[in-house]
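Each remark here refers to the structure printed beneath this line.
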Protein chains: 4
Amino acid sequence: MIKAAIVGGTGYTGGELLRLAAGHPQLSIEAVTSRQAAGTAVADWFPHLRGHSTLDFVESLPDGGRGLDVVFFATPHGTAMHQVRALLDSGVRVIDLSADFRLRDAQCFAQWYGQPHAAPELLAEAVYGLPEVAASDLATARLVACPGCYPTAVQLALLPLAEAGYLAQAPIIADCKSGVSGAGRSGKIPMLLAEAGENVKAYGVDGHRHSVEIEQEVTRHAGQAADITFTPHLMPMARGIHATVYATLKAPVADVQAVYAQRYTETPFVDVLPAGSHPETRSVRGTNVCRLAVHVTRPGRVTVLSVIDNLVKGASGQAIQAMNLMFGLDEAAGLTLPAALP
Amino acid sequence: MIKAAIVGGTGYTGGELLRLAAGHPQLSIEAVTSRQAAGTAVADWFPHLRGHSTLDFVESLPDGGRGLDVVFFATPHGTAMHQVRALLDSGVRVIDLSADFRLRDAQCFAQWYGQPHAAPELLAEAVYGLPEVAASDLATARLVACPGCYPTAVQLALLPLAEAGYLAQAPIIADCKSGVSGAGRSGKIPMLLAEAGENVKAYGVDGHRHSVEIEQEVTRHAGQAADITFTPHLMPMARGIHATVYATLKAPVADVQAVYAQRYTETPFVDVLPAGSHPETRSVRGTNVCRLAVHVTRPGRVTVLSVIDNLVKGASGQAIQAMNLMFGLDEAAGLTLPAALP
Amino acid sequence: MIKAAIVGGTGYTGGELLRLAAGHPQLSIEAVTSRQAAGTAVADWFPHLRGHSTLDFVESLPDGGRGLDVVFFATPHGTAMHQVRALLDSGVRVIDLSADFRLRDAQCFAQWYGQPHAAPELLAEAVYGLPEVAASDLATARLVACPGCYPTAVQLALLPLAEAGYLAQAPIIADCKSGVSGAGRSGKIPMLLAEAGENVKAYGVDGHRHSVEIEQEVTRHAGQAADITFTPHLMPMARGIHATVYATLKAPVADVQAVYAQRYTETPFVDVLPAGSHPETRSVRGTNVCRLAVHVTRPGRVTVLSVIDNLVKGASGQAIQAMNLMFGLDEAAGLTLPAALP
Amino acid sequence: MIKAAIVGGTGYTGGELLRLAAGHPQLSIEAVTSRQAAGTAVADWFPHLRGHSTLDFVESLPDGGRGLDVVFFATPHGTAMHQVRALLDSGVRVIDLSADFRLRDAQCFAQWYGQPHAAPELLAEAVYGLPEVAASDLATARLVACPGCYPTAVQLALLPLAEAGYLAQAPIIADCKSGVSGAGRSGKIPMLLAEAGENVKAYGVDGHRHSVEIEQEVTRHAGQAADITFTPHLMPMARGIHATVYATLKAPVADVQAVYAQRYTETPFVDVLPAGSHPETRSVRGTNVCRLAVHVTRPGRVTVLSVIDNLVKGASGQAIQAMNLMFGLDEAAGLTLPAALP
């Protein structure tokens, strides 16, 4: 059994780590921290976990985390970067679900996240943990930065074209729709059911932190500068991301469908739908699956539809997938069950 | 034109007063106060009111309200009771949408609202403003306490039986379902779309402030002590209340349908549906209408279904209906448009 | 492995049987029938089951079902009663999720379901499969009638009081709220998102088929005639039932909480919440759990709150729980994972 | 009073015409036809219109429509084109909410709508009724084709750039999100709450009828061929369209905000939000307003956010706006009330 702990466990990604751990045959959560909830039961914060977790939240990791195999950070950005060094020095591996180690460049982090990076010396070591790209790096990684939810959906949509060198030097549009759980479990008025229900709106059109992360990674995959216009929208639902990605190819590609099918033959969590399909977010709800469909709308122009569950493949499920690879387990361990429909 | 102001205008009932005023031919809102929003535009808080209100929120009523015909309090309980006396002394009439003047008994108020009443001497004068009962009192009222949302739906369901003396001395069940806007426009985690969506739960089963208000009024209508078990439930929607009320009659009544139809012949906002009907909350959304259906389920036992919009007939619309009666206008002025479906 | 088949697999209960089977260690679905879908892939009807089921729908059971251990009927009422005899004669056990074998009395069936019963001789043998009551009968049952969704929620709410003889000879109110999936996967206008969204309404107030089933069973548990007013309501959500049950006791009971806790000590899927609780439907979504809270609202009067997932504990999960007991497996096999929140 | 009738009144656009007529000071609906509903009351189909319409549906227009001022067709495509000629010959003007007269080219109609056009000789006369463009043509029009819902949102987003000649010869992306009421009031399984709730999906990515309509009109506005990739998505809500439109300019424009503000100075129903805004669909729910925000995301590249109510500005409200212009009424008559929030 992998002995793990969660730092910052009262939010949605913390809750999902606990839920998924309940169904994972080789993962044991030993402790969950929360400053505000310390001393109360996990089941008091997560009514669905009654009977599945007997833990109480603790103020901080017992014995500084020593003896654990891995620690998950399910904290807001700006927390993990202060605590990771000590854990690594104690021989504990770290999977950070926050943004602290996603950007390669400390300046860039400071600019987008409004604070200097506290551990810039670790940025080079941190593995950007998109398992469909980084599987072999993950095997030996000490510190993993889990991709953001939007960046996961968009990268998986573009990866086959980027890696194959098919992308033109042209603007890419990533029009993304997300459920409100992406905003976290805090009392923000715009996320009330009475505000966000029966409503659609865009936000952050003039600049969103995930924008720079997407460009960083797609640039890396493509080996050329990516120019991506990313527009997030809020949907009247709890979970799910639908990324609609518009890309231009250098030249028409004979069988784009085959390019996708082939790229994702070996990846257990990317499901390329038959030509002509339209994936639905509900089909991946609660699961670690990304479903993709690629449409050639005009010669040399493609629209890729990519759906994930923002809290699973976009966060906690991907974190566990990364952990599986880090510890030599079956990549899919604990992550195999289907969504429930309706 | 009636010159009016709103105290506490950033919440949902304040917003609805502003919306309804925009369509009222004889009502002019001269000022809207808000401590937190003072200096900002109404349209910044209510994106749907762009072009319909050019007001900015102000810290307090200009000139203490002097010169106004009426002031609406759309504040949380505990505010109006401190400010009403001065307004009345200035000759300004007051319509309080909060709970401050609903209970006849100051002790009872103190017990349920956790603070002593600040103006107990006004309780006797305050008119409990259910227009279907209090129309004539409203004509001369200086101070009106608008009924709570649940109490409105439940009273209208029971009124014909209570007034006619048909109710047995037996427990009445009022099982009520409400949209989340009843909880107000504040950042409470349980009201997030990600928490309240796809979910139903009861709350306050062991005691709710509206319980005592309902019993007080039904006792008054019936002329005998009412024993009412009131259970509120939260629905995954923004607006609407569905009250399902179970009552026992002293003896079977020949034509209960006719009792209801007759009682509400003259009331413009209570619509008694044909026998066998099931009213829908959406049919009254945004309107001041209460739709009722009465079912005799066993001899001497009735189930009454009553739907209202909690923010309109349950709050701001009812307040304007009361105002119309206070100022001798057509009772329905500004309140006549149908709901939009879907 | 238990070899099973599903008759009528394109609806929601069929889909849930397939989903739950995917996570069951000892259950193998060998065939799924559907007249309308014969020849097409299960995954074409259930996009969430891509990769989890490779079956195609077939017109009818291969070899008339011979060789199977058990057949699940996920058909509308009126189908199973024509086909069960032949299966039983072939040594195949049957679990019927429809209403065909729920009522003990053939006349009563004919009256409520509008057709004569086709196999009245099997009614006496059929086990009404509420596992919390019928566990030992299930061990040897050849034919199991799965309880309806509402009856499951209401019975579990009343069982401890009924069995202990605490219920007075007084009316019981069962006010029930259900998600729309209870209406099945067919194109009914009132179940459109544009009709059922942002809306609450009652239906069937003058008589609902589940009413007679509830009275039949509560009468049996209590050993005295039960007088139950059952009112179903439609909620703007897909899944979940919240039953709010109002009962009168013969006399005040010292510790009602303990009565519930004790009755459900040994039942893996009934979770009695601490005193003062309000269970939420989302806490059981996708699971086989019933969560209960009991409130004493006045001396000798209780309100019981009971939540289930109508498609799982109210249908397919309960069917698998029954199957586990029929075949001597762990009662909870394949049914242990928690809900996903949000 | 304008004497009008509605052909095909049981759907959502028919219902909205009736609702809006109830608040219009100069519009009287004399008859509503429906084959399936003939003989039943309007209020039986539209529970929100009880008390607002006393009409019964009729099989066909009394006296073939003679004596009416105008007839609205709220029928599926393929109906109006068979009936318009006779009405025009009787001196009755026609406003068609269906697609029959939107496309200028009969071949194109036949290709996209799968049937030959029945009245190609009227195509040249028909006015494409986007009032923000066609106000003067409408004044004398006999036959008006109301724009589709998506085309309305997209055209209004692009109009200022197109008319001013700022659009580059480059692909335009129109990524559109719509509530499910756009699919009409018929029993389609994918539109059930249990299917479309908590779900987002694209559809028609490989070709949608509104695509050709959008290109036809933007080409006309711009005076150059428009190359538009249009992707519709289904949102888990009843009403509203959010169009996110990505366009490239020939060259950077100094003050794009001013271009929009100026273009829409005189149009009562287009509200250009301040720079940096993100319009919300709920802010226009039930109203005839289009709210726009324009963002310059990179030099020479703009993202325009455009929201409408698909059933009002996208259908019935726009039809009445057109009627107002046809009959010399105030363009905004009957269309001035704000949305209700929440």
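The values are calculated or read from the model by the stated rules, or taken from the named source; none is laboratory data. These figures come from a predicted structure and were not determined experimentally. So basically every Cβ, Gly included, is an ideal-geometry build from the backbone, and we count neighbours across all protein chains shown.
Would you confirm, using the coordinates I've provided, whether D:ALA4 is within 23 Å of B:ARG291 (Cβ to Cβ) and either surrounded by fewer than 23 Cβ atoms within 10 Å (Cβ to Cβ) or away from every other protein chain (no Cβ under 14 Å) (or both)? Write out each step before concluding.
Values: within 23 Å of B:ARG291 (Cβ to Cβ): no; either surrounded by fewer than 23 Cβ atoms within 10 Å (Cβ to Cβ) or away from every other protein chain (no Cβ under 14 Å) (or both): yes.
For D:ALA4, the condition - within 23 Å of B:ARG291 (Cβ to Cβ) and either surrounded by fewer than 23 Cβ atoms within 10 Å (Cβ to Cβ) or away from every other protein chain (no Cβ under 14 Å) (or both) - is not met.
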Tally, over the range B:306-318, of residues that are part of a helix (DSSP H, G or I) and either polar (S, T, N, Q) or surrounded by fewer than 24 Cβ atoms within 10 Å (Cβ to Cβ) (or both): 2
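In the set B:SER60, B:SER34, B:SER28, which member is touching a strand residue (DSSP E or B) at 6+ places or on another chain (Cβ under 7 Å), closer than 22 Å to B:GLY317 by Cβ, more than 12 Å from every other protein chain (Cβ to nearest Cβ) and modelled with pLDDT of 95 or more? Write out each step before concluding.
Numbers: B:SER60 fails: closer than 22 Å to B:GLY317 by Cβ; B:SER34 fails: touching a strand residue (DSSP E or B) at 6+ places or on another chain (Cβ under 7 Å).
When all the criteria are applied, what remains is B:SER28.
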Yes/no for C:VAL42 being closer than 18 Å to C:ALA322 by Cβ, modelled with pLDDT of 95 or more and buried (at least 21 other Cβ atoms within 10 Å of the Cβ): no
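Which residues, counting only those in the range B:179-211, are among the small types (Gly, Ala, Ser) and part of a loop (DSSP other than H, G, I, E, B)? I'd like the intermediate steps shown before the answer.
Going through the range B:179-211, the residues among the small types (Gly, Ala, Ser) turn out to be B:179, B:181-184, B:186-187, B:194, B:196-197, B:202, B:204, B:207, B:211.
Within the range B:179-211, B:GLY179, B:GLY184, B:SER186, B:GLY187, B:GLY197, B:GLY204, B:GLY207 meet the criteria.
So which residues in the range C:160-190 are of a type in the set (Gly, Ala, Ser) and either within 14 Å of chain D (Cβ to nearest Cβ) or touching a Phe, Trp or Tyr at 6+ places or on another chain (Cβ under 9 Å) (or both), if there are any at all?
Start the filter on the range C:160-190 by keeping residues that are of a type in the set (Gly, Ala, Ser), which leaves C:162, C:164-165, C:168, C:170, C:174, C:178-179, C:181-184, C:186-187.
The answer is C:ALA174, C:SER178, C:GLY179, C:SER181, C:GLY182, C:ALA183, C:GLY184, C:SER186, C:GLY187.
Would you call B:PRO268 farther than 30 Å from D:MET191 by Cβ and surrounded by fewer than 19 Cβ atoms within 10 Å (Cβ to Cβ)? Show your work before the answer.
Values: farther than 30 Å from D:MET191 by Cβ: yes; surrounded by fewer than 19 Cβ atoms within 10 Å (Cβ to Cβ): yes.
In short, yes.
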Subset of the range A:150-189 (residues that are crowded, with 23+ Cβ neighbours inside 10 Å and either in the same structural domain as A:PRO76 (by TED's automatic domain parsing) or not hydrophobic (A, V, I, L, M, F, W, C) (or both)): A:TYR150, A:PRO151, A:THR152, A:GLN155, A:PRO160, A:ASP175, A:LYS177, A:SER178, A:GLY179, A:SER181, A:GLY182
Cβ pairs under 6 Å, 6+ apart, first in the range D:171-198 and more than 30 Å from D:TYR246 (Cβ to Cβ), second of a type in the set (S, T, N, Q): D:ALA194/C:SER181
Residue that is farthest from the other protein chains (Cβ to nearest Cβ) [pool: residues in the range A:191-208 that are out of contact with any Lys or Arg (no Cβ under 9 Å at 6 or more places or on another chain) and over 20 Å from D:ASP309 (Cα atoms)]: A:HIS208
Conditions (1) surrounded by fewer than 24 Cβ atoms within 10 Å (Cβ to Cβ); (2) facing another protein chain (nearest Cβ under 8 Å); (3) small (Gly, Ala, Ser): number failed by D:GLY334: (2)
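Could you please find all residues in the range C:26-60 being of a type in the set (A, V, I, L, M, F, W, C) and in contact with a helix residue (DSSP H, G or I) (Cβ under 8 Å, 6 or more places away or on another chain)? Walk me through how you get there before you give the answer.
Of the residues in the range C:26-60, the ones of a type in the set (A, V, I, L, M, F, W, C) are C:27, C:29, C:31-32, C:37-38, C:41-43, C:45-46, C:49, C:55, C:57-58.
Those that are of a type in the set (A, V, I, L, M, F, W, C) and in contact with a helix residue (DSSP H, G or I) (Cβ under 8 Å, 6 or more places away or on another chain): C:LEU27, C:ILE29, C:ALA31, C:VAL32, C:ALA37, C:VAL42, C:ALA43, C:TRP45, C:PHE46, C:LEU49, C:LEU55, C:PHE57.
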Per-region count, the range C:287-305, residues over 19 Å from C:PRO147 (Cβ atoms) and outside any strand (DSSP E or B): 2
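Taking A:ALA135, is it part of a helix (DSSP H, G or I), over 26 Å from D:ASN199 (Cβ atoms) and of a type in the set (Gly, Ala, Ser)?
Values: part of a helix (DSSP H, G or I): yes; over 26 Å from D:ASN199 (Cβ atoms): yes; of a type in the set (Gly, Ala, Ser): yes.
It is true that A:ALA135 is part of a helix (DSSP H, G or I), over 26 Å from D:ASN199 (Cβ atoms) and of a type in the set (Gly, Ala, Ser).
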Filter result for A:SER277 (touching a residue at least 40 places away in the same chain (Cβ under 8 Å) and either within 16 Å of D:HIS233 (Cα to Cα) or outside the structural domain of A:ALA170 (by TED's automatic domain parsing) (or both)): no
Qualifying position, being farther than 27 Å from C:TRP45 by Cα, aliphatic (A, V, I, L, M) and buried (at least 18 other Cβ atoms within 10 Å of the Cβ), among D:ALA243, D:ALA238: D:ALA243
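With A:THR79, A:THR40 as the choices, which residue is of a type in the set (Val, Ile, Thr), in contact (Cβ under 8 Å) with a residue 12 or more places away in the chain and within 26 Å of A:GLY286 (Cβ to Cβ)? Give the steps one after another, and end with the answer.
Details: A:THR79 fails: within 26 Å of A:GLY286 (Cβ to Cβ).
Result of the check over A:THR79, A:THR40: A:THR40.
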Criterion (surrounded by fewer than 19 Cβ atoms within 10 Å (Cβ to Cβ) and within 21 Å of the chain's Cα centre (by Cα)) met by exactly one of A:GLY67, A:GLY78, A:GLY91: A:GLY78
Breaking point among (1) touching a residue at least 24 places away in the same chain (Cβ under 8 Å); (2) surrounded by 24 or more Cβ atoms within 10 Å (Cβ to Cβ), for B:GLY328: (2)
Residues of the range C:135-170 satisfying the condition of being in contact with a strand residue (DSSP E or B) (Cβ under 6 Å, 6 or more places away or on another chain) and free of Cβ contacts under 8 Å to residues at least 60 places away in the same chain: C:ASP137, C:ARG142, C:LEU143, C:ALA145
Pairs with Cβ under 7 Å, 6+ apart, first in the range A:287-310 and within 16 Å of A:LEU273 (Cα to Cα) and at the interface with chain D (Cβ under 10 Å from one of its Cβ atoms), second in a loop (DSSP other than H, G, I, E, B) and among the polar types (S, T, N, Q): A:ALA293/A:SER277
